[in-house]
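Structure record follows, encoded as structure tokens.
The values are calculated or read from the model by the stated rules, or taken from the named source; none is laboratory data. This is a predicted model, so every value here is computed, not measured. All Cβ positions, even for glycine, are placed from backbone atoms using ideal geometry, and neighbour counts span all protein chains on display.
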Amino acid sequence: MNIHLQNAGKKFNREWIFRKLNYQFISTQTYAITGPNGSGKSTLLQCIAGSTDLSEGNIQVENGEWELRNKKQENNSQSFSIAAPYLELIEEMTATEFLQFHQSFQSLLPNLTVDEILSIVNLTKAADKQIRYYSSGMKQRLKLAQAFFSNVPIILLDEPCTNLDSAGFQLYHQLIKNYTINRLVIICSNDEQEINFCTTRLNIMDWK
């Protein structure tokens, strides 16, 4: 599945965050979007996901036929998963309940149970504990589990190793290695450890 941006632009009030962005993200490739803090990396990722509308231009998602999504983005949640610091977990749920709830509207990868997924991200011992009692690192592991194990062709990651320790970074790279084959991955980050495997890098400042 490919994503094609055509003259894409986003502004808040009178300030353009990015503009005249023409680019095609190719299925099965890994991309890093870089740029200074506050430069608009996260905004671009949200526009790609369809959670924020473009101010001008179009985004096309190739899924057999070209599906046009213009300024008023359509819900394309079955194509994308996303993990980002600004996305909240349902903290009254346990990790098991959260993934089961998520599975009710977006299927998980086949041949893996919720228990097996929690084992892979080292949350088995906390599987039945309410998420509000998790450390920040444990919450990030759960966000990564939701993103990587959703059965979707496109994974969007914004600063994916936020709050992770060295073991968490190792887990992240294992997830990239084992669960992104034949999937499109787009990562917003300036951290070399998060993007050192990416085949292509884009600097958001090129579209200011």
Per the list (1) at pLDDT below 95; (2) among the hydrophobic types (A, V, I, L, M, F, W, C); (3) touching a Pro at 6+ places or on another chain (Cβ under 7 Å), residue check on ILE187 breaks on (1)
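So that you can scan it fast, the table gives a plain yes or no per residue for (1) outside any strand (DSSP E or B); (2) among the aromatic types (Phe, Trp, Tyr); (3) at pLDDT below 95:
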position: GLU91; (1), (2), (3): yes, no, no
position: PHE98; (1), (2), (3): yes, yes, no
position: PHE101; (1), (2), (3): yes, yes, no
position: GLN106; (1), (2), (3): yes, no, yes
position: PRO110; (1), (2), (3): yes, no, yes
position: GLU116; (1), (2), (3): yes, no, no
position: SER119; (1), (2), (3): yes, no, no
position: LYS125; (1), (2), (3): yes, no, no
Does any residue in the range 116-134 that is of a type in the set (Lys, Arg) come within less than 8 Å, Cβ to Cβ, of a residue that is modelled with pLDDT of 95 or more and surrounded by 14 or more Cβ atoms within 10 Å (Cβ to Cβ) six or more places away or on a different chain, and which pairs are these? LYS129/THR94; LYS129/ALA95
Looking only at the range 135-163, which residues are buried (at least 16 other Cβ atoms within 10 Å of the Cβ), outside any helix (DSSP H, G or I) and free of Cβ contacts under 8 Å to residues at least 40 places away in the same chain? CYS161
Scan the range 125-169 for residues that are hydroxyl-bearing (Ser, Thr, Tyr) and under 20 Å from the mean Cα position of the chain (by Cα) and jot them down. SER136, SER150, THR162
Mind checking which residues of the range 16-31 are at pLDDT 95 or above and either on the phi > 0 side of the Ramachandran plot or surrounded by fewer than 13 Cβ atoms within 10 Å (Cβ to Cβ) (or both)? LYS20, ASN22, GLN24
Scanning the range 195-208 residue by residue, the ones that are touching a residue at least 60 places away in the same chain (Cβ under 8 Å) and farther than 30 Å from ARG14 by Cα total 5
The correct count of residues that are charged (D, E, K, R), outside any strand (DSSP E or B) and surrounded by fewer than 13 Cβ atoms within 10 Å (Cβ to Cβ) in the range 164-204 is 3
Would you point out the residue of the range 96-118, among those that are surrounded by 13 or more Cβ atoms within 10 Å (Cβ to Cβ) and either of a type in the set (Val, Ile, Thr) or touching an Asp or Glu at 6+ places or on another chain (Cβ under 7 Å) (or both), that is farthest from TYR172 (Cα to Cα)? THR96
